[in-house]
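Student: Before I ask anything, here is the structure I am working with.
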Amino acid sequence: QVQLVESGGGLVQPGGSLRLSCAVSGSIASIYTMAWYRQAPGQQRELVADINSRSSTNYAGSVKGRFTISRDNTKNTMYLQMNNLKPEDTAVYYCNVLYQAWGRFVRENAWGPGTQVTVSS
């Protein structure tokens, strides 16, 4: 069983910054791609950024230049540094990982419960 816990969300004014964390625990042999998604009210869940096992990154156009995704493989933790936040960044942010568990020979997907980010004055 794998558990993902996000933290770092909250209320911030436009132009402010937040840093999200996603800690992964459980019986994990390998973690491949890690990603942040977000879902605003009435909207579909969308990819914000992802990072593979070699730390190559990919960003949605709307956050490129403002958000930075990173990972610490020694801690099985992923981060999202969000700068110059805008009201349109308001959403629930979800952590997603592609991993392989010990004793299993398939790659599986897991989601965190989400953390709310609200950008408002």
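Student: Relative contact order (percent) for the chain, with alpha-carbon contacts under 8 angstrom and 6 or more residues of separation? Present the calculation step by step, with values, prior to reporting the outcome.
Tutor: Details: 302 pairs, mean separation 43.7, N = 121.
With pairs under 8 Å counted, the relative contact order is 36 percent.
Student: With Rg and the Kirkwood Rh both taken from Cα atoms, where does Rg over Rh land for segment 33-102?
Tutor: Details: Rg = 12.5 Å, Rh = 12.7 Å.
Rounded to two decimals, Rg/Rh equals 0.98.
Student: Along its three principal axes, how long is the chain when you only count alpha carbons? Whole Å, largest extent first please.
Tutor: In descending order, the Cα extents are 49, 25, 23 Å.
Student: Which residues' amide hydrogens lie under 5 Å from the amide hydrogen of Phe67, considering only partners 5 or more residues apart or on another chain, with H built in the peptide plane?
Tutor: For Phe67, whose amide H was placed from the backbone, the distant partners under 5 Å are Asn83.
Student: With Cβ to Cβ distances under 13 Å as the rule, what net charge do the other residues near Gly10 carry (K, R +1; D, E -1)?
Tutor: Net charge around Gly10: -1.
Student: With θ set to phi - 60° and the Karplus curve 6.51 cos²θ - 1.76 cosθ + 1.60, what are the ³J(HN,Hα) couplings of segment 102-119 in order, to the nearest whole Hz, using x for Gly and Pro?
Tutor: Karplus-based 3J(HN,Hα) across segment 102-119 equals 4, x, 10, 10, 10, 8, 10, 10, 9, 10, x, x, x, 9, 7, 10, 10, 10 Hz.
Student: Another question, if that's okay. What does the C-alpha gyration tensor say about the overall shape of segment 63-103? Classify as rounded when a/c is under 1.5, otherwise prolate if a/b is larger than b/c, or oblate.
Tutor: prolate
Student: Using 0.36 nm times the number of residues separating Gln13 and Arg66, minus their current alpha carbon distance, what extension gain do you get?
Tutor: Taking 0.36 nm per residue and subtracting the Cα distance, the gain is 17.6 nm.
Student: With every protein chain left in place, what is the accessible area per residue of the chain in square angstrom, probe 1.4 Å?
Tutor: So the chain comes to 53 Å² accessible per residue, rounded to a whole number.
Student: Right, here's the next one. Label points 7 Å out from Cα along the Cβ direction at Gln1 and Glu108: separation in nm?
Tutor: 1.1
The values are calculated or read from the model by the stated rules, or taken from the named source; none is laboratory data. Note that the structure is predicted; figures quoted are calculated from it, not measured. With ideal geometry, Cβ positions are generated from the backbone for all residues, glycine too; neighbour counts draw on all protein chains shown. Accessible surface areas use protein heavy atoms only, side chains included; no ligands, DNA or RNA. Shrake-Rupley method; radii C 1.70, N 1.55, O 1.52, S 1.80 Å.
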